[in-house]
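For reference, the structure discussed in these notes is given below.
The values are calculated or read from the model by the stated rules, or taken from the named source; none is laboratory data. Remember, it's a predicted structure, so these values are computed and weren't measured experimentally. Please note: Cβ atoms are built from the backbone with ideal geometry, for glycine as well, and neighbour counts cover all protein chains shown. In case anyone asks, the SASA skips ligands and DNA or RNA and just uses the protein heavy atoms, side chains included. Shrake-Rupley method; radii C 1.70, N 1.55, O 1.52, S 1.80 Å.
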Amino acid sequence: MRDADGPSVECEVHIEADPARVWELVTDIELPARFSPELQRVRWLDGADRPAVNARFEGHNRNDMLGEWRTVSHVVELDAPRVFAWAVVDPDGRFGAAAPDPRTPVATWRFVLEPEAGGTRLVHGARIGPAPSGLTLAISRSPERVEAIVRWRLTDLRAGMEHTLHGIRSLAEGPR
């Protein structure tokens, strides 16, 4: 799907656990690295140790097609226990952005939780852009393949997001 700011993808899962338990898991920034094929490791920056609006964390990513890169994410929305969102910037200028600004991110990621049928509906979404990203580089190298490149990247992101959602569900529904 494409919107005004860039292509996006969204996945959801029903979890047989209350929103407070699911919230505890989705706000653990290290947890997605356990399940994601792309995100390798994460750490809080600037002395932060939990999500708060404007808190920052660093991520290290690896993808067979895109290589390895570092990001810095800024928490941009935190509405416990409902929404956790972060804007990703390119701190090293790898993708061509002049200055990493969370108001014009490389991507924006979001978890949305809703009580549902005695459990929680968990939605995980990502929007690429509007700042240049690995997707931008790939398209600039093969502009005639823009649709195929975007479709590949969204499919790749969806697969990683589904792994993460199923991992969260497994942890939330399992013993503590």
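If you add up the charges near R121, with Lys and Arg at +1 and Asp and Glu at -1, over every other residue whose beta carbon is less than 13 angstrom from its beta carbon, what do you get?
Residues near R121 contribute -4 overall.
Restricting to Cα pairs below 8 Å that are 6+ residues apart, what does the relative contact order work out to for the range 93-163? Please round to a whole percent.
28
Rounded to the nearest 20 Debye, what is the dipole magnitude of the range 110-175 about its Cα centre when Lys and Arg each give +1 and Asp and Glu each give -1 at the C-beta?
220
What residue among D28, D64, D90 has the largest mean-square fluctuation in a Gaussian network model of the chain, using Cα springs under 10 Å?
D64
Considering every pair of different Cα atoms, what Kirkwood radius, in Å, is found for the chain?
When all Cα pairs of the chain are included, the Kirkwood radius is 16.6 Å.
Would any residue of the range 88-131 have its amide N under 14 Å from a label point 7 Å out along Cα→Cβ of E10? List them or say none.
Those under the cut-off are 109-114, 121-128.
Between D28 and V123, what is the spin-label point distance in nm, taking each point 7 Å from the Cα along the Cα→C-beta axis?
Each label point is offset 7 Å from its Cα along the Cβ direction, giving 2.5 nm.
Could you do me a favour and compute the accessible area per residue for the chain, 1.4 Å probe, result in Å²?
Spelled out: the 1.4 Å probe surface of the chain, per residue, equals 53 Å².
May I ask for the distance between the Cα centers of the range 132-161 and the range 88-117, given as a whole number of Å?
That distance is 16 Å.
Evaluate the distance, in nm, between pseudo-label points positioned 7 Å from the Cα of M65 and of A148 along their respective Cα→Cβ axes.
Spacing of the two 7 Å Cα→Cβ label points: 1.0 nm.
Can you find, among S133, G118, V42, the residue farthest towards the positive end of the dipole of the range 34-176? Put +1 on the C-beta of Lys and Arg, -1 on that of Asp and Glu.
G118
Nearest 500 deg cm²/dmol is fine: what mean residue ellipticity at 222 nm does the chain get from its DSSP H runs of n ≥ 4 alone, each adding -39,500 (n - 2.57), divided by its residue count?
Helix contribution divided over all residues of the chain: -8500 deg cm²/dmol.
Below 8 Å between Cα atoms, with a sequence gap of 6+, how large is the relative contact order for the chain in percent?
In percent, rounded to a whole number, it is 28.
Given a cut-off of under 8 Å on Cα pairs at least six residues apart, what relative contact order in percent is computed for the range 1-82?
Rounded, it is 22 percent for the range 1-82.
In debye, nearest 20: dipole of the chain around its Cα centre with unit charges on the Cβ of K, R (+) and D, E (-)?
Roughly 320 debye, rounded to the nearest 20.
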